[in-house]
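**Student:** Mind having a look at this structure? Questions to follow.
The values are calculated or read from the model by the stated rules, or taken from the named source; none is laboratory data. Bear in mind the structure is a predicted one, so any value in this text is a computation, not a measurement. When we count neighbours, we look across all protein chains shown, and the Cβ atoms used for this are built from the backbone with ideal geometry, even at glycine. These accessible areas exclude ligands, DNA and RNA; they are computed on the full protein's heavy atoms, side chains included. Shrake-Rupley method; radii C 1.70, N 1.55, O 1.52, S 1.80 Å.
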Amino acid sequence: MSKAFDSKQIGLFIASGIALCVLPFVVGGALGNSWVRIVDFALLYVMLALGLNIVVGFAGLLDLGFIAFYAVGAYTYALLGSPHFGIHWPFYVTIPLGALFAAFFGILLGTPVLRLKGDYLAIVTLGFGEIIRIFMNNLNAPVNITNGPQGINLIDPIRVGAADLGSPINLFGLSLPPVYLYYYLFLVLTVIVVIMASRLQHSRIGRAWVALREDQIAASAMGINIRNIKLLAFALGALSGGVAGGLFSAFQGFVSPESFSLLESIMILAMIVLGGMGNIAGVILGAVVLTIAPEILRDVIGPLQMKTMGRMLIDPENARMLLFGIAMVVMMLVRPEGMLPSKRRKAEFKDAKEAAAQKG
Amino acid sequence: MAEVLLKIEGINKRFGGLHALSDVGLTINKGEIYGLIGPNGAGKTTLFNVLTGLYVPDEGSFTFDGHNLFQAKPHVVVNAGIARTFQNIRLFAEMTALENVMVGRHIRSKAGALGAVLRDRRTREEEKAITAKAWELLEYVGIADVADERARNLSYGHQRRLEIARALATEPKLLALDEPAAGMNPRETEELKELMSKIAKSGTTVLLIEHDVKLMMGLCDRIAVLDYGKKIAEGIPEEVRKNPRVIEAYLGAAHA
């Protein structure tokens, strides 16, 4: 549905556009390039979270192994653009290929779990995520494909024509380091993923997903092909996971199975739940907050302890996870529907509360 | 001779040791209101679920408007032109009334994921047509004023109507209603009766399950009676009412 935008919305749109364009300069100037790097990762996680949101938020299929698709995208890029096999295909081949591969794996996962839901689905997808990781870890013998736990090194950076995003580029007398260049690339792709997700949500397909989530039997009685619509959700979610994976590979220059642990899957799910499942703005907020917050804690906890107590009482790394865990628990108790829930979700939680109150 | 729309023969359905339907056969003609009655547990809803693809029958044959629907998936059945409502209303509770009906248009529209993402002209026009049709149907069943209300918040009578509108959105040739008058007060029942007559007059064949035998007698062109998973009578209401086996099934052997 195309609605006319009023001038206030256009103003807001332009302002946020400018803000996003100058963001790396502000962050880099104030906090240094390592923080621009964290912002880059935040964008990758936004893409991942939006992908998972299609599966979990829109279609209501709990997936605990989503990181597998990130891994598939990352390894596709790494294997086809590194000295490991001596293949150096350009990114505009390897990233789409990685995305398609991930989508294929999405269907591969989706097919056997068509009849499962809830807890059972979660367990199977969790296993699937681990299988992919363990494969990556062990496919170095008898034929060395993934180089096992050592991972793949010296992965090609993204090259656009003569420009190499892996080394600084001089533009109008300004030297832009790689973290800035990747920021803009990630930003463009994130915007594309956001538009895709939002258009899907407000379409015939998006409605079918909501119908599926609310009542599968009624959805099938409306003529929705349950198998196809579920597989479509898995494939499209995996697709954006695969894109993010390829970008991660190019950005990092190194991949190993360690990056694709169960904790990562859980983290992405936490971003969705914390942000507001099903609502795109909420999911973006969740991804940004959960990427940035632990880093802020890391920078703050150590010095704070030194200042107040004169010595390091708790290891900052442990304290960080502890505080983070407490924050999540409090959040779920106080605001279980997430920071920015969709209207529908909010209503669901309200109804559930009222029903519980009536019973109790 | 009326034209046959739906024909089943020798349908059997077992759940473990329970023989829920045994050798059930019936024919529904185009344009009629066909009633299915029977005591509790007679197999009415089971038969209904078989006719709409939710249950897979073990044996038998099932043809509808030239399609062979034996053991067909629900979405195939809907596509062929059978739409249904549920005894214990199954709306998409958190969607608005309008959105519920829009979901009903799913099978009669085409836009895929690519169309949704590109939002090309055809997709936009289709979306517009879906919305327009959904409004039209809400008006048809008389609940357009609550179009933006969430289905959960609608009154019971409105929910029933919304379910009918949603089923009609699939452009059925046969509309199958599972106890639509259950839990309704006499006024609501009367209004529902009018709605069903209106739908039948517009050319849609109606299949009706109902407990309320009186309602059925006044409304249906033909009636079939199920008892213990078997069809014990079929015919015009007058005949069925006088059939001793029907009286026995409903009132017990002593009254026969």
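**Student:** On full extension of the chain, what length is gained from B:W135 through B:N12, given 0.36 nm per residue of separation minus the C-alpha to C-alpha distance?
**Tutor:** Taking 0.36 nm per residue and subtracting the Cα distance, the gain is 40.2 nm.
**Student:** Heavy-atom accessible area of B:W135 with all protein chains present, probe 1.4 Å, nearest 10 Å²?
**Tutor:** Approximately 90 Å² of B:W135 is accessible to the 1.4 Å probe.
**Student:** Follow-up. Leaving ligands, DNA and RNA out of it, rank B:S197, A:S256 by accessible area with a 1.4 Å probe, largest first.
**Tutor:** Heavy-atom accessible area, descending, gives B:S197, A:S256.
**Student:** Name the most mobile residue of A:N225, A:N137, A:N170, meaning the one with the largest mean-square fluctuation, in a Gaussian network model of chain A with Cα contacts below 10 Å.
**Tutor:** Fluctuation is largest for A:N170.
**Student:** How far is the Cα center of region A:244-315 from the Cα center of region A:166-234, in Å?
**Tutor:** Answer, in whole Å: 21.
**Student:** Then there is this: Hey, with R₀ at 22 Å, roughly what FRET efficiency would A:I131 and A:E258 work out to, going by the Cβ-Cβ distance, to 0.05?
**Tutor:** According to the calculation, E is roughly 0.85.
**Student:** Indicate, rounded to the nearest 5 percent, the antiparallel portion of the DSSP beta bridges found entirely in the protein assembly as shown.
**Tutor:** 65
**Student:** Other chains' Cβ within 10 Å of B:130-143 residues: what's the mean?
**Tutor:** Per residue, the average neighbour count from other chains is 0.
**Student:** Which shape class applies to region B:1-99: rounded if a/c is under 1.5, otherwise prolate when a/b exceeds b/c and oblate if not, where a ≥ b ≥ c are the square roots of the Cα gyration tensor eigenvalues?
**Tutor:** Because a/c hits 1.5 or more and a/b fails to exceed b/c, region B:1-99 counts as oblate.
**Student:** Using amide H atoms built 1.01 Å from N in the peptide plane, name the residues 5+ places from B:L36, or on other chains, whose amide H lies under 5 Å from its own.
**Tutor:** B:L208, B:I209, B:E210, B:A224
**Student:** Hey, another quick one. Mind ordering A:41-54, A:68-81, A:283-296 by average Cβ neighbours within 10 Å, highest first?
**Tutor:** My ranking of the peptides, most packed first, is A:68-81, A:41-54, A:283-296.
**Student:** Now, a different point. For B:I143, list long-range residues whose amide hydrogen, built 1.01 Å from N in the peptide plane, is under 5 Å from its own amide hydrogen.
**Tutor:** Close amide H contacts, sequence-distant or interchain: none at all.
**Student:** Now a separate question. Which one, A:F135, A:G206, A:Y184, is farthest towards the positive end of the dipole of chain A when Lys and Arg carry +1 and Asp and Glu -1 on their Cβ?
**Tutor:** A:G206
**Student:** Ok, one more. Given springs between every Cα pair under 10 Å in a Gaussian network model of chain B, which of B:L175, B:L26, B:L47 has the largest fluctuation?
**Tutor:** Answer for the Gaussian network model of chain B: B:L26.
**Student:** Now, a different point. Taking only C-alpha pairs under 8 Å that are 6+ residues apart, what is the relative contact order of chain A in percent?
**Tutor:** With pairs under 8 Å counted, the relative contact order is 28 percent.
**Student:** Starting from the residue with the highest accessible area, list A:H202, B:H106, B:H67 in decreasing order, probe 1.4 Å.
**Tutor:** Greatest to least solvent exposure: A:H202, B:H67, B:H106.
**Student:** I've got another one for you. Using only Cα atoms, tell me the angle between helix B:186-201 and the longest principal axis of chain B; keep it within 0 to 90° and round to the nearest 10.
**Tutor:** Taking the Cα atoms of chain B, the angle to B:186-201 is about 80 degrees.
**Student:** With +1 on each Lys and Arg Cβ and -1 on each Asp and Glu Cβ, how big is the dipole of the protein assembly as shown about its Cα centre, in debye rounded to the nearest 20?
**Tutor:** Roughly 400 debye for the protein assembly as shown.
**Student:** For region A:56-66, what does the Karplus curve 6.51 cos²θ - 1.76 cosθ + 1.60, with θ = phi - 60°, yield as ³J(HN,Hα) per residue in whole Hz, taken in order and with x for Gly and Pro?
**Tutor:** Rounded to whole hertz, the list is 7, x, 7, 8, x, 9, 6, 10, 9, x, 4.
**Student:** Turning to a different aspect of this structure: Are any of the pairs B:K13/B:K198; A:K230/B:K7; A:K350/B:K110; A:K350/B:K44; A:K230/B:K110; B:K30/B:K230 more than 27 Å apart by Cα-Cα distance, and if so, which?
**Tutor:** With Cα atoms farther than 27 Å apart: B:K13/B:K198; A:K230/B:K7; A:K350/B:K110; A:K350/B:K44.
**Student:** Subtracting the Cα-Cα distance from 0.36 nm times the residue separation, let me have the gained length for B:R108 to B:K128 in nm, one decimal.
**Tutor:** Between B:R108 and B:K128, full extension yields 5.9 nm more.
**Student:** What is the calculated FRET efficiency for A:V188 to A:A356, with r their C-beta to C-beta distance and R₀ = 51 Å, to the nearest 0.05?
**Tutor:** According to the calculation, E is roughly 0.70.
**Student:** Give the lysines whose C-alpha is closer than 20 Å to that of A:K353, dropping any in the same chain fewer than 8 places away, or say none.
**Tutor:** Leaving aside lysines fewer than 8 places away in the same chain, those within reach of A:K353 are A:K343.
**Student:** What are the ³J(HN,Hα) couplings of region B:98-112, residue after residue, when phi is run through the Karplus curve with 6.51, -1.76, 1.60 and θ = phi - 60°? Round to Hz, x for glycine and proline.
**Tutor:** 4, 4, 4, 5, 4, 4, x, 7, 3, 6, 9, 10, 10, 3, x
**Student:** Sticking with this structure for a sec: Taking the alpha-carbon centroid of each part, what is the distance from region B:26-76 to region A:70-145 in angstrom?
**Tutor:** Cα centroid of region B:26-76 versus Cα centroid of region A:70-145: 44 Å apart.
**Student:** A further question on this structure: Using only the Cα atoms of the protein assembly as shown, what semi-axes does the equivalent ellipsoid have when each is the square root of 5 times a gyration tensor eigenvalue? Give whole Å, largest first.
**Tutor:** 56, 25, 23
**Student:** Return the distance in nm (one decimal) between the two label points of a simple spin-label model at A:D299 and B:K242, each offset 7 Å from Cα along Cα→Cβ.
**Tutor:** 9.3
**Student:** If you put +1 on each Lys and Arg Cβ and -1 on each Asp and Glu Cβ, how big is the dipole of region A:18-261 around its Cα centre, in Debye rounded to 20?
**Tutor:** 540
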